[in-house]
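Reviewing the structure listed below.
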Amino acid sequence: MNTPTLRVLLRHPLSLVAIATLVGGPALFGAFERESQAEAPVDVRPVVETAEVHPAGPAEVRFSVITRAVDRARVGFTVAGRVVARPVELGEAVRAGQVVARLDRAPFANEVAARRAAKVRITAQLEQAERDEARAVGLSSAGATGREELEKTRAAVRTWRGQLAEIEAGLAEAERRERESVLRAPFAGVVTDVYLEAGEPTAPGQPIVAIVGAGEVEAELRLPASWRDALAVGDRIWAHPALGGDAVEVEVASIGIASDGPGRLTPVRLAFPGAAAGRDFEVSIARPEPDAPSVPSAAVTSPVGAGAYVFVVKDASAHRVPVEVTRLVGDRAVVRGAISSGDRVVVAGHAALLDRDAVIERASGAERAAR
């Protein structure tokens, strides 16, 4: 009589729970609950946040330079002597060719006078020898004298001519030395340093004053060898005043060649039109790096005693990849290693990761916000 009722109850699972409660009591219901929980697996994989690897783009670096005059010199005498006058002072403007110092002229004038007197004497001797030679030629033609006498007079002429040439060269040098006893400005500019006062002795090449030209201005930049190809003669780049102000465009005037050896730098000369000498600038130089990948700085892990590395997620697994950080750009690191643009690297949750650990991946907070 109860059979139809039981069949209805068996068709409804909730009714089974009721029957179990009535028939078996709490023990039977607990068995059902334990079996249900055992059938639901627990996912123990760690959850990590990942971000995409991007191309680094051009590398831009700023270098500090100080402008200087194209014309600049520390001028000194080419001869030794005693300074008797230095008519210019520190900070004074000078014209090209203006006298900036004088040596005691007496020793040089005396040497010139002695050389000139010697020239007069030797010239007279040469003229007499030439007359003797002409007389000997005439006598030899008439048969009144022998060949030996003729050769003797000709040798005398050659000797005096040689001595005259020697004394003339010495006279020219003495006159040059006398002219060099007066020091003149090689170009228009400003005296920026003075090294000797009147009354002091000087040696050849010892600087007396320093002069900076009032014309064109330049700056020298020294680049690492790896950056040399980033510039070419004629390129125009931006220079930013170190103390603030508008940037100016400057031109690459020349590129030198660094000598061989580690740590050598390549000299680059920059033309600064309209700028003043002695100003500090920073110049920006960009070098294309099309293949260099960049990752968020948070992705790079560098434990003590080991190199830097990142975790790249592929097929739901975190793969440890060694990298080398070449530079930092904002909150990203440009790296060199076995990763490429489009890969995804772990930026959060990697503290306890091991190589090839299975992970649950989700986009980083920054990427989610960008969407």
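The values are calculated or read from the model by the stated rules, or taken from the named source; none is laboratory data. Keep in mind it's a predicted model, so treat the numbers as computed, not measured. As a convention, Cβ positions derive from the backbone with ideal geometry for all residues, glycine included, and neighbour counts pool all protein chains shown.
Numerical summary
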| quantity | calculated |
| --- | --- |
| Segment 209-224 residues that are over 15 Å from T67 (Cβ atoms) and in contact (Cβ under 8 Å) with a residue 60 or more places away in the chain, paired with ones that are charged (D, E, K, R) and outside any strand (DSSP E or B) (beta carbon under 9 Å, 6 or more apart) | V209/R86; I211/D71 |
| Filtered residues of segment 141-179 (kept if of a type in the set (D, E) and either touching a residue at least 12 places away in the same chain (Cβ under 8 Å) or surrounded by 14 or more Cβ atoms within 10 Å (Cβ to Cβ) (or both)) | E149, E168, E175, E178 |
| Within segment 310-331, tally of residues that are in contact with a Ser or Thr (Cβ under 6 Å, 6 or more places away or on another chain) and part of a strand (DSSP E or B) | 1 |
| Test: residue in segment 219-237 that is touching a strand residue (DSSP E or B) at 6+ places or on another chain (Cβ under 9 Å), polar (S, T, N, Q) and surrounded by 12 or more Cβ atoms within 10 Å (Cβ to Cβ) | no |
| Conditions (1) more than 16 Å from A101 (Cα to Cα); (2) modelled with pLDDT of 95 or more; (3) surrounded by fewer than 17 Cβ atoms within 10 Å (Cβ to Cβ); number of the one not met by R115 | (3) |
| Residue among F63, F108 that alone is surrounded by 14 or more Cβ atoms within 10 Å (Cβ to Cβ), part of a strand (DSSP E or B) and not aliphatic (A, V, I, L, M) | F63 |
| In segment 100-121, the residues that are in contact with a strand residue (DSSP E or B) (Cβ under 6 Å, 6 or more places away or on another chain) and among the aliphatic types (A, V, I, L, M) | V100, A101, L103 |
| All positions within segment 66-77 that are part of a loop (DSSP other than H, G, I, E, B) and either assigned by TED's automatic domain parsing to the domain that holds V250 or at pLDDT below 95 (or both) | T67, V70, D71 |
| Selection status of A106, in contact (Cβ under 8 Å) with a residue 12 or more places away in the chain and over 34 Å from the mean Cα position of the chain (by Cα) | no |
| Selection status of E175, modelled with pLDDT of 95 or more and outside the structural domain of A239 (by TED's automatic domain parsing) | yes |
